[in-house]
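The values are calculated or read from the model by the stated rules, or taken from the named source; none is laboratory data. In this text, all values refer to a predicted model and were calculated from it rather than measured experimentally. Methodologically, a virtual Cβ is constructed for each residue, glycine included, from the backbone with ideal geometry; neighbour enumeration extends over all protein chains shown. For the accessible areas, the whole protein counts, side chains as well, though only heavy atoms, and no ligand, DNA or RNA atoms are used. Shrake-Rupley method; radii C 1.70, N 1.55, O 1.52, S 1.80 Å.
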Amino acid sequence: MSASITYLPESGTFFLQSQNTAYAFRVIDYGYVEHLYWGPAIEPQALGQFQAWRDRAFSPNPVPSDRRISLDWLAQEFPANGNTDYRSPAVELFQPADGSPICDFRYKSHRIEKGKPSLEGLPATFAGANDATTLILELEDEKLALKAELLYTVFSDYPVITRSARLSNSGKDTVQVRRLLSASVDFSSNYADYQLIQLSGAWARERDLIASPLRPGIQSLDSKRGASSHQQHPFIALAELGADEEHGQVFGFNLVYSGNFLASVELDSHKIARAQIGLNPHSFCWKLAPGQSFQSPEAVLVFSPNGLGEMSRSLHRFYRGHLINPQWANKPRPILVNNWEATYFDFNADKLEKIAKAGAGIGLELFVLDDGWFGKRNDDTTSLGDWVVDRNKLPGGLEDLVARINGQGLQFGLWFEPEMISRESDLYRAHPDWCLHVPGRVRSEGRTQLILDFSRREVREEIERQMSAILRSAPITYVKWDMNRHMTEVGSAALPADQQGETAHRYMLGLYETMAYFVREFPNVLFEGCSGGGGRFDPGILYYMPQIWTSDDSDAIARLRIQYGTSLVYPLSAISAHVSVVPNHQIGRVTPFATRGDVAMTGTFGYELDLGALSPEDKQTAVEQVVFYKKVRGLLTSGDLYRLKSPFTSQESAWIVVSPDKKEALATHVTILAEPNPPVTYLRLRGLAPERKYRVEGTDEIYCGDALMQIGLLLAQPKGDFVSVKWHLVAVD
Ligand code: DGJ
């Protein structure tokens, strides 16, 4: 089914169709826009038959003579503040001229275009003219002469609809945008039997999958940290109670944004569930002068009739096809060794070259020099902002070091933390007002550092200049872009008092501009996002950087949950994962080398330990891991993921990645805590072709696809905790 948007003038209905999915709303009396439907594809005619309006006590009527309509219970597309709707609005505008926070948007016009327009200054999904269709619904607040354009894009090959909103002020007065969400959907039937799915956590414990039943009132999660954060994630889903990986309707919302966000569901007194996602209104205030416009970030809405597994696969395919830089989206990534956990700040060129040499010996392709190579940085207290090689540590400079690493046959990658400044730096001494701060207030530090005011062009230009000089000084093919603290005292020395509420968002716009600059200027560099691990793992970053360091917790068992939760939304090709030393540095756990490899290779694979210090057995295992990963990395980059066992609900974790043509698959099973005398257990696979026969590579075992999915693979009794086993299946017919 191709993507289509149909307007039925007789009923004022807009009928949007993405792959196997329909979404509909209509313009009703007085120009209000009523949400009608989102779910499996249906015939448009079905929709005109419903009209659930009724006169209700304590639900006031905007048109007093017509008691049929109150916004208090009407399902809406763009609920506004201060009228007869007491629920959370999608838009709130404050008018300094009269002190009113009221706005009232009614239908004005619409247009339908092929393809998908880009969003000014913001990362967003993209599509060619034949892949998508966009509706621009124009609403107007007549009193303010303010226009709201709601953008809806549907896609032929994905059950996805993207939404965003843009406000334009054609009036005579300045208004303050206090709230503008990207999407608001009123689930108009009895959705009390749905649950809210969210991904919440902490540093080193990112993206725990949490499900809770809806209850009357607001359930919300947000970030006020100036980053999408480790703590909450700009994703929610409403899923039928009892939905699992394969069953139940699921409606997902993901925000293409890396800063402060709000995601919430409000269950009202008539069991309408209003799900919303967008910029966090907290401390946000944007001055919109006459003639100016304001664009919201984009929300990605995804529907799955078949559980969370299908939702994830749709999002993975969609992000590979329409969000991640096409140059990298389906390209296998180099296997790297990063020196951070091997040396921390204590290194010299010889030590690094030794690690690279050992890496070359096991077949690695890229060496990454992490923190500590610049300024006078021997610990985390100095030098951020001074992107000049520390000649005390590296007397020959990067030119010499990169030549030595290249001489070992490895490419070279480098760590930066571009948005930060240490008080102990030349940059801070020269420009003490270049950090985010508010005069007269304390400048709180995190990891002994302050945040550069990226809302200011001159600040960004200085960092672009310094970093570009480094990137041009040697053949550097990879950059790890880190960010190690959250915002406090959010103010900009460059903005007037009445625009300070814009600082956090202007920072993000500036950050995106700088990221776009580097992607444009260095098109062959592979960029990896990072924020103290996975503190900014979101679609906004993914637009510029095709892979992201998933967590500072590199323990394979902790990673089972972190990577499982992350895979709910993001493809494996985005999930960076490394084999590290034991006892693990974050948690002290000892796990087998093989398990560490099996978990890490279900992402963009690498090592982060002193490879020169490996035991002969571990070295042999590493050689085999690298040979194996090179064989399957194409499959892992573009295959479909099926989660088979959840580490959140059992002492096992298992998954399978199946190639799009179903001729190849890699299944992995990890035992967390082993059980004595366990029952006979089979691992039932998913996603295979039932009629095909598959050989388990390295054995002469051949199984039918249907048997593998109905009966499964027999699991041997685990010989201890944390043991993994994997099966590489290749179709033989
Ligand atoms: C935090 C990152 O997540 C680590 O991988 C490492 O790069 C350190 N920062 C370096 O300071």
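Any idea which residue in region 88-128 is surrounded by the fewest Cβ atoms within 10 Å (Cβ to Cβ), counting only those that are in a strand (DSSP E or B) and of a type in the set (S, T, N, Q)?
So, considering only residues that are in a strand (DSSP E or B) and of a type in the set (S, T, N, Q), the one surrounded by the fewest Cβ atoms within 10 Å (Cβ to Cβ) is Ser109.
I'd like the full set of residues that are within 17 Å of Lys224 (Cα to Cα), open to solvent by 10 Å² or more (accessible area, probe 1.4 Å) and under 21 Å from the mean Cα position of the chain (by Cα), limited to region 473-521.
Scanning region 473-521 gives Asn484, Arg485, His486, Met487, Ala504, Arg506, Leu509.
Condition check ((1) over 19 Å from the mean Cα position of the chain (by Cα); (2) open to solvent by 30 Å² or more (accessible area, probe 1.4 Å); (3) in the same structural domain as Ala165 (by TED's automatic domain parsing); (4) of a type outside the set (Phe, Trp, Tyr)) across all residues:
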position	(1), (2), (3), (4)
Pro290	yes, yes, yes, yes
Gln295	yes, no, yes, yes
Glu298	no, no, yes, yes
Phe303	no, no, yes, no
Asn306	yes, yes, yes, yes
Ser312	no, no, yes, yes
Leu315	no, no, yes, yes
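Report whether or not Phe628 is in a loop (DSSP other than H, G, I, E, B), out of contact with any Asp or Glu (no Cβ under 6 Å at 6 or more places or on another chain), open to solvent by less than 40 Å² (accessible area, probe 1.4 Å) and touching a residue at least 60 places away in the same chain (Cβ under 8 Å).
Criteria not met by Phe628.
Yes or no: region 437-452 includes at least one residue that is assigned by TED's automatic domain parsing to the domain that holds Phe345, surrounded by 21 or more Cβ atoms within 10 Å (Cβ to Cβ), part of a helix (DSSP H, G or I) and away from the ligand (no atom under 16 Å from the Cβ).
No, the conditions are met nowhere in region 437-452.
Would you please name the residue that is farthest from Arg163 (Cα to Cα), looking only at residues in region 10-24 that are touching a helix residue (DSSP H, G or I) at 6+ places or on another chain (Cβ under 7 Å) and small (Gly, Ala, Ser)?
Per the stated criteria, the residue is Ser11.
Out of Val368, Val402, which single residue is open to solvent by less than 20 Å² (accessible area, probe 1.4 Å), among the hydrophobic types (A, V, I, L, M, F, W, C) and within 16 Å of the ligand (Cβ to nearest atom)?
Val368
Residues that are closer than 23 Å to Pro281 by Cα and touching a helix residue (DSSP H, G or I) at 6+ places or on another chain (Cβ under 7 Å): does region 495-508 have at least one?
Yes - at least one qualifying residue is present in region 495-508.
Is it true that Gly634 is in a helix (DSSP H, G or I), of a type outside the set (A, V, I, L, M), away from the ligand (no atom under 16 Å from the Cβ) and crowded, with 19+ Cβ neighbours inside 10 Å?
no
Confirm whether Thr699 is open to solvent by less than 30 Å² (accessible area, probe 1.4 Å) and over 21 Å from Gly634 (Cα atoms).
Answer is no for this residue.
Given (1) away from the ligand (no atom under 16 Å from the Cβ); (2) touching a strand residue (DSSP E or B) at 6+ places or on another chain (Cβ under 6 Å), identify the lone condition not met by Glu424.
(1)
Considering only residues that are out of contact with any Lys or Arg (no Cβ under 8 Å at 6 or more places or on another chain) and at positive phi, which ones fall in region 208-231?
Gly217, Gly226
Only one of Ser228, Ser223 is in contact with a Pro (Cβ under 7 Å, 6 or more places away or on another chain), open to solvent by less than 10 Å² (accessible area, probe 1.4 Å) and not aromatic (Phe, Trp, Tyr); which?
Ser228
Would you say Asp85 is under 14 Å from His270 (Cβ atoms), assigned by TED's automatic domain parsing to the domain that holds Gly217, charged (D, E, K, R) and surrounded by 16 or more Cβ atoms within 10 Å (Cβ to Cβ)?
Judged against the criteria, Asp85 is a match.
Does Gly39 satisfy the criteria of being small (Gly, Ala, Ser), part of a loop (DSSP other than H, G, I, E, B) and touching a strand residue (DSSP E or B) at 6+ places or on another chain (Cβ under 9 Å)?
Criteria not met by Gly39.
Residue check, Ile587 against (1) aliphatic (A, V, I, L, M); (2) more than 16 Å from the ligand (Cβ to nearest atom); (3) open to solvent by 40 Å² or more (accessible area, probe 1.4 Å), all met but one. Which one?
For Ile587, the failing item is (2).
Would you tally the residues in region 332-364 being at positive phi and within 16 Å of the ligand (Cβ to nearest atom)?
1
Tell me, yes or no, whether region 441-456 has at least one residue that is under 21 Å from Asp371 (Cα atoms), small (Gly, Ala, Ser) and modelled with pLDDT of 95 or more.
Yes, that holds for at least one residue.
Examine region 310-331 for a residue that is touching a residue at least 24 places away in the same chain (Cβ under 8 Å) and within 16 Å of the ligand (Cβ to nearest atom), and state whether such a residue exists.
Checked against the condition, which is being touching a residue at least 24 places away in the same chain (Cβ under 8 Å) and within 16 Å of the ligand (Cβ to nearest atom), region 310-331 yields no hits at all.
Just for region 177-202: of the residues that are of a type outside the set (A, V, I, L, M) and within 16 Å of the chain's Cα centre (by Cα), which one is surrounded by the fewest Cβ atoms within 10 Å (Cβ to Cβ)?
Ser200
I need a count of the residues in region 42-66 that are over 24 Å from Phe303 (Cβ atoms), in contact (Cβ under 8 Å) with a residue 12 or more places away in the chain and open to solvent by less than 100 Å² (accessible area, probe 1.4 Å).
Qualifying residue count for the region: 9.
Restricting to region 67-78, count the residues that are of a type outside the set (A, V, I, L, M) and either open to solvent by less than 10 Å² (accessible area, probe 1.4 Å) or not assigned by TED's automatic domain parsing to the domain that holds Val91 (or both).
So the count comes out to 2.
Hey, Ile272 hits all of (1) at pLDDT 95 or above; (2) buried (at least 17 other Cβ atoms within 10 Å of the Cβ); (3) of a type in the set (Val, Ile, Thr) but one; which does it fall short on?
It fails just one condition, (1).
Looking only at region 247-264, decide whether some residue is within 16 Å of the ligand (Cβ to nearest atom) and at pLDDT 95 or above.
Yes, some residue in region 247-264 is within 16 Å of the ligand (Cβ to nearest atom) and at pLDDT 95 or above.
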